[in-house]
Amino acid sequence: MSRGSSVYVGLLRGVNVGGKNKLPMADLRSLCEHLGWSNVRTFIQSGNVIFTSENAPKALLLEVAIEERFAMKTNVLLRTASDLVRAVKRSPFAEAERAYVHVAFVSKNVSETVVTSLDHERFTPDKFAVIGSEVYLYLPTGVGRSKLPAYLVRQLKVPVTIRNWNTVNKLAELAVS
């Protein structure tokens, strides 16, 4: 990494899920390099890109580039390497079985008003906790069966993308290595 560069992780929403919004990761890497970012790597097929940049990147820049090149609309949420490490450390569900823990990355911090309006009991045994711009999810019946993620997306009214706990940990690891 060159002097003054920082590591960022781009989290694309709804890419390569259920056969929709197909975006080859090699093409995403190429696009990011074209935008002037370096050390571009991707992790798994669900739209996770790690790169370095001398200037703080704008999610909108990548969103527009994806739409122009691939005719696909998607939200991009950006985090720094330290943001991801902090997200891992702050998990209120660190002791829970990893397979049932997910993180919903939100485009901005959720206001206290919105947080207090959320119904924490409605989806029991599923649980969630909002900490900054992440929503931690514990979904013991599985993410595919839970109605909680869709409820939170509707209530938060801002772009959200969800990653499982193993992916979040691996992205944090890759971002600092």
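The values are calculated or read from the model by the stated rules, or taken from the named source; none is laboratory data. Just so it is clear, the model here is predicted, and its values are computed rather than measured. Glycine gets a Cβ as well: all are built from the backbone with ideal geometry, and neighbour counts include every protein chain shown.
Some observations on this one:
- In the range 132-147, residue farthest from Thr161 (Cα to Cα) [restricted to those that are hydrophobic (A, V, I, L, M, F, W, C) and modelled with pLDDT of 95 or more]: Leu139
- Here Leu62, Leu23 are screened, and the one residue that is modelled with pLDDT of 95 or more and either within 19 Å of the chain's Cα centre (by Cα) or farther than 24 Å from Asn169 by Cα (or both) is Leu62.
- Contacts under 6 angstrom Cβ, first residue in the range 33-51 being among the charged types (D, E, K, R), partner surrounded by 14 or more Cβ atoms within 10 Å (Cβ to Cβ), 6 or more apart: Glu33/Val40; Arg41/Ile50
- Of the criteria (1) under 14 Å from the mean Cα position of the chain (by Cα); (2) modelled with pLDDT of 95 or more, which one Val153 fails: (2)
- Residue check, Lys170 under 15 Å from the mean Cα position of the chain (by Cα) and either modelled with pLDDT under 95 or aromatic (Phe, Trp, Tyr) (or both): no
- Residue match in the range 114-129 (condition: buried (at least 20 other Cβ atoms within 10 Å of the Cβ), touching a strand residue (DSSP E or B) at 6+ places or on another chain (Cβ under 6 Å), modelled with pLDDT of 95 or more and not in a helix (DSSP H, G or I)): yes
Yes/no per residue for (1) among the hydrophobic types (A, V, I, L, M, F, W, C); (2) buried (at least 16 other Cβ atoms within 10 Å of the Cβ):
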residue	(1), (2)
Val15	yes, yes
Leu31	yes, yes
Gln45	no, no
Ala56	yes, no
Lys73	no, no
Leu78	yes, yes
Arg98	no, no
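- Residue list for the range 130-158, filter: part of a loop (DSSP other than H, G, I, E, B) and charged (D, E, K, R): Arg145, Lys147, Lys157
- With a requirement of 2 or more residues that are closer than 24 Å to Val158 by Cβ, the strands (runs of 3 or more DSSP E) lying completely within the range 1-70 that satisfy it span 6-12, 48-53.
- Residue in the range 97-107 that is under 30 Å from Ser5 (Cα atoms) and of a type in the set (Lys, Arg) present: no
Every residue, every condition in (1) within 27 Å of His102 (Cβ to Cβ); (2) assigned by TED's automatic domain parsing to the domain that holds Val135; (3) in contact with a Ser or Thr (Cβ under 7 Å, 6 or more places away or on another chain), yes or no:
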| site | (1), (2), (3) |
| --- | --- |
| Asn48 | yes, no, yes |
| Ala56 | yes, no, no |
| Ala59 | yes, no, no |
| Glu63 | yes, no, yes |
| Arg69 | no, no, no |
| Val76 | yes, no, no |
| Arg79 | yes, no, no |
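- Check on Val110, over 20 Å from Asn169 (Cα atoms), in the same structural domain as Ser133 (by TED's automatic domain parsing) and either modelled with pLDDT under 95 or touching a Ser or Thr at 6+ places or on another chain (Cβ under 6 Å) (or both): yes
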